[in-house]
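Report on the structure given below.
The values are calculated or read from the model by the stated rules, or taken from the named source; none is laboratory data. Predicted model only: the values in this text are computed from it and were never measured. Glycine gets a Cβ as well: all are built from the backbone with ideal geometry, and neighbour counts include every protein chain shown.
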Amino acid sequence: MSELSVKHLLGIKYLNEKDIQLIFETADHFKEVINRSIKKVPSLRDITIANIFFEDSTRTKLSFELAEKRLSADVINFSAGQSSVKKGETLIDTVNNILSMKVDMVVMRHPNPGAGIFLSKHVNASIVNAGDGAHEHPTQALLDSFSIREKLGDVAAKKVVIVGDILHSRVALSNIFALQLQGAEVKVCGPRTLIPKHIDSLGVEVETNLRKALNWCDVANMLRIQNERLDISYFPTTREYTQQFGVNKALLDSLDKEIVIMHPGPINRGVEITSDVADSKQSIILDQVENGVAIRMAVIYLLASKIK
């Protein structure tokens with residue numbers, strides 16, 4: 001059996017193209033499993049996984065938990081909001097306490113970039129990064145690419161524009177790495193204030209005109225404005241942002257071609273996309289959610305095979 005080149009999933013930048021293809025092929029298999037009447041497989045009956053979320057998350061946490069249960073793993077959920085972390089316990093203390101319960105894998109979301117990398121050097125479990133600050137969110141990028149592959153047949157040579165708050169988005173960075181690894185062309189579009197200064201060093205073009213960006217692309221990945229990370233005002237008003245960078249059905253229908261609309265969620269309906277776009281036949285947002293479980297099953301299964 002093929003195996004991943006890594007022991008942890010800390011970021012897309014540590015993977016190679018073969019890793020991504022292996023994850024996708026494994027996810028294809030698991031997607032069949034989750035569409036059966038009996039959705040569980042006994043693959044990881046002897047594996048214990050701890051989900052440690054130092055930041056609020058609903059969809060990612062549920063998706064991981066469902067993936068783990070579909071694989072028959074034992075699952076421990078730990079939410080730092082109601083825990084000893086608030087009493088001053090360090091990240092290593094928290095994790096060591098959990099590992100003393102003989103945990104094989106840790107799925108972690110943390111507000112600090114690099115938290116997963118730090119952890120992987122200090123504990124003996126396999127680490128899956130479920131988002132670290134504004135740095136990376138590898139499983140989201142994998143499920144996004146997997147959804148493009150499912151809809152358009154391949155990711156190579158496709159033109160993908162990522163629209164919105166690129167500056168604060170871990171989804172954008174992981175997507176850029178994943179798409180480029182697979183041979184896609186990537187542009188970003190949004191207000192200059194929300195585009196990182198050195199993004200061109202990643203081989204990504206900046207387009208500030210939304211209509212031009214949409215006419216260029218095959219796929220538009222619409223990001224929400226991360227209000228919880230905005231420490232200053234990056235644009236005058238939400239209404240003005242929506243007028244310049246929001247996608248509505250009239251704009252979509254006026255383009256030269258039919259494009260695919262994606263969104264990592266949660267959606268601010270009426271801001272980055274209107275409801276009639278989110279719910280249109282060009283949107284693959286619900287496919288992304290379903291594919292998220294299959295991709296996370298694949299990642300956990302492949303990493304677990306390296307534990308034994």
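Within the range 244-297, how many residues turn out to be over 17 Å from V161 (Cβ atoms) and touching a residue at least 40 places away in the same chain (Cβ under 8 Å)?
Of the residues in the range 244-297, 15 are over 17 Å from V161 (Cβ atoms) and touching a residue at least 40 places away in the same chain (Cβ under 8 Å).
Could you tell me whether any residue of the range 291-298 is hydrophobic (A, V, I, L, M, F, W, C), assigned to a loop (DSSP other than H, G, I, E, B), within 22 Å of the chain's Cα centre (by Cα) and closer than 22 Å to L179 by Cα?
Checking the range 291-298: not a single residue is hydrophobic (A, V, I, L, M, F, W, C), assigned to a loop (DSSP other than H, G, I, E, B), within 22 Å of the chain's Cα centre (by Cα) and closer than 22 Å to L179 by Cα.
Are any residues in the range 279-292 surrounded by fewer than 20 Cβ atoms within 10 Å (Cβ to Cβ) and of a type in the set (A, V, I, L, M, F, W, C), and if so, which ones?
I285, L286, V289
Inspect all residues belonging to the range 280-288 and state whether any of them is of a type in the set (V, I, T) and assigned to a helix (DSSP H, G or I).
For the range 280-288, residues of a type in the set (V, I, T) and assigned to a helix (DSSP H, G or I): present.
Please name all residue pairs, on different chains or six or more residues apart, with Cβ atoms under 7 Å, provided the first residue is in the range 202-223 and is in contact (Cβ under 8 Å) with a residue 24 or more places away in the chain and the second residue is among the polar types (S, T, N, Q) and not in a strand (DSSP E or B).
As it stands, the answer is L210/Q244; N221/N175; L223/S169, since those pairs meet every condition given.
Within the range 210-226, is even one residue among the small types (G, A, S), in a helix (DSSP H, G or I) and either buried (at least 24 other Cβ atoms within 10 Å of the Cβ) or not assigned by TED's automatic domain parsing to the domain that holds I20 (or both)?
yes
Quick one: in the range 245-271, of everything that is under 18 Å from the mean Cα position of the chain (by Cα) and in a loop (DSSP other than H, G, I, E, B), which residue is surrounded by the most Cβ atoms within 10 Å (Cβ to Cβ)?
Restricting to residues being under 18 Å from the mean Cα position of the chain (by Cα) and in a loop (DSSP other than H, G, I, E, B), the top hit is P264.
May I ask you to list the residues in the range 139-171 that are free of Cβ contacts under 8 Å to residues at least 60 places away in the same chain and among the hydrophobic types (A, V, I, L, M, F, W, C)?
Within the range 139-171, V155, A156, A157, I166 meet the criteria.
From the list V128, V106, which one is within 21 Å of E17 (Cα to Cα), touching a strand residue (DSSP E or B) at 6+ places or on another chain (Cβ under 6 Å), among the β-branched types (V, I, T) and not assigned by TED's automatic domain parsing to the domain that holds N175? Write out each step before concluding.
On the way: V106 fails: within 21 Å of E17 (Cα to Cα).
Of V128, V106, the one residue that is within 21 Å of E17 (Cα to Cα), touching a strand residue (DSSP E or B) at 6+ places or on another chain (Cβ under 6 Å), among the β-branched types (V, I, T) and not assigned by TED's automatic domain parsing to the domain that holds N175 is V128.
What number goes with the only condition from (1) touching a Leu at 6+ places or on another chain (Cβ under 6 Å); (2) in a helix (DSSP H, G or I) that T193 does not pass?
With respect to (1) touching a Leu at 6+ places or on another chain (Cβ under 6 Å); (2) in a helix (DSSP H, G or I), T193 is out only on (1).
I261: modelled with pLDDT under 95, in contact with a helix residue (DSSP H, G or I) (Cβ under 8 Å, 6 or more places away or on another chain), among the hydrophobic types (A, V, I, L, M, F, W, C) and within 23 Å of K158 (Cβ to Cβ), yes or no? First the steps, then the outcome.
Working: modelled with pLDDT under 95: no; in contact with a helix residue (DSSP H, G or I) (Cβ under 8 Å, 6 or more places away or on another chain): yes; among the hydrophobic types (A, V, I, L, M, F, W, C): yes; within 23 Å of K158 (Cβ to Cβ): yes.
No: the conditions fail for I261.
Residues are listed down the side, and each one gets a yes or a no for (1) aliphatic (A, V, I, L, M); (2) assigned to a strand (DSSP E or B); (3) under 23 Å from D74 (Cβ atoms):
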| residue | (1), (2), (3) |
| --- | --- |
| V155 | yes, no, no |
| I162 | yes, yes, no |
| D165 | no, no, no |
| A172 | yes, no, no |
| K187 | no, yes, no |
